[in-house]
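Trainee: My structure is below; once you've seen it, I'll send some questions.
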Amino acid sequence: MKKFKFRMNTATLIFLVAYAVYILYLIFLQKNFKDLPLVVGFGILVYAFFLGCRPYGYEIGKRTLIIKYFLWKNSEVDLMQCETICDPVSRWADIATRPHAIEIYTNTKKRYCCFPKQRIEFVDAIVQENKRIHCTVKEYTDVRRKLDKKRRKERKKAERNGTE
């Protein structure tokens, strides 16, 4: 089993920190505590959603991708049913919120969005589990192209040295 950590979106992280600072501002600098319970209650719900209901890690092994959650049941994706892994498709609603996403599409066109910290290693692990998957992740294909080109050069050099 290969394990990968979740990469939190920068905008979400900024929002959570700003909300915590706002709650501290209300507690320490404001004399009127009338709105404080409502703000703290809403903050607890927001933190529970963003930190508990979002994935915190991924495991790849035995031809499955397991998406781990703190507060829900873990989700399993059968990688043998997946046909495409790619960079995020541009959507107006997701332009600023998903710059580091990797999308996996199944045979039934269901989309799974993953946000791993190590993108290239994550894609490589998925491709190793399902060799038939069509991969169009730009970073991964660029690295693979460079490595293949380097191997070809070394092989040609070894063939020339061996025949001379």
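Trainee: Please compute the volume of the convex hull spanned by the alpha-carbon atoms of the stretch 26-164 and report it per residue in Å³.
Mentor: 181 Å³
Trainee: Would you kindly state how much longer the chain becomes between Arg7 and Thr136 on full extension, computed as 0.36 nm times their sequence separation minus their alpha carbon distance, in nm to one decimal?
Mentor: Full extension of this stretch gives 44.4 nm more.
Trainee: For the Cα atoms of the chain, what angle does the longest principal axis make with the long axis of helix 36-52, in degrees from 0 to 90, nearest 10?
Mentor: The two axes meet at around 10 degrees.
Trainee: Mind giving me the nanometre distance, one decimal, between the label points for Arg152 and Gln118, set 7 Å out from Cα along Cα→Cβ?
Mentor: 2.8 nm
Trainee: For the stretch 49-164, what is the charge dipole size about the Cα centre, in debye to the nearest 20, if Lys and Arg each add +1 at the Cβ and Asp and Glu each add -1 at the Cβ?
Mentor: 420 debye
Trainee: Sorting His100, His134 by accessible area (1.4 Å probe), largest first, what list results?
Mentor: His134, His100
Trainee: Could you work out the relative contact order of the chain, using alpha carbon pairs under 8 angstrom and six or more residues apart, expressed as a whole percent?
Mentor: 21 percent
Trainee: Continuing with the same structure: Which order do Arg119, Arg54 take by accessible area at a 1.4 Å probe, largest first?
Mentor: Arg54, Arg119
Trainee: Sticking with this one: So how much slack lies between Leu24 and Arg145, counting 0.36 nm per residue of separation and subtracting their Cα-Cα distance, in nm?
Mentor: 38.5 nm
Trainee: If you line up the long axis of helix 10-29 against the longest principal axis of the chain, both from Cα atoms, how many degrees apart are they, to the nearest 10?
Mentor: 20 degrees
The values are calculated or read from the model by the stated rules, or taken from the named source; none is laboratory data. Everything numeric in this text was worked out from a predicted model, so none of it was measured. When we count neighbours, we look across all protein chains shown, and the Cβ atoms used for this are built from the backbone with ideal geometry, even at glycine. The protein model used for the area step is the full one, side chains on, heavy atoms only, and it has no ligands, DNA or RNA in it. Shrake-Rupley method; radii C 1.70, N 1.55, O 1.52, S 1.80 Å.
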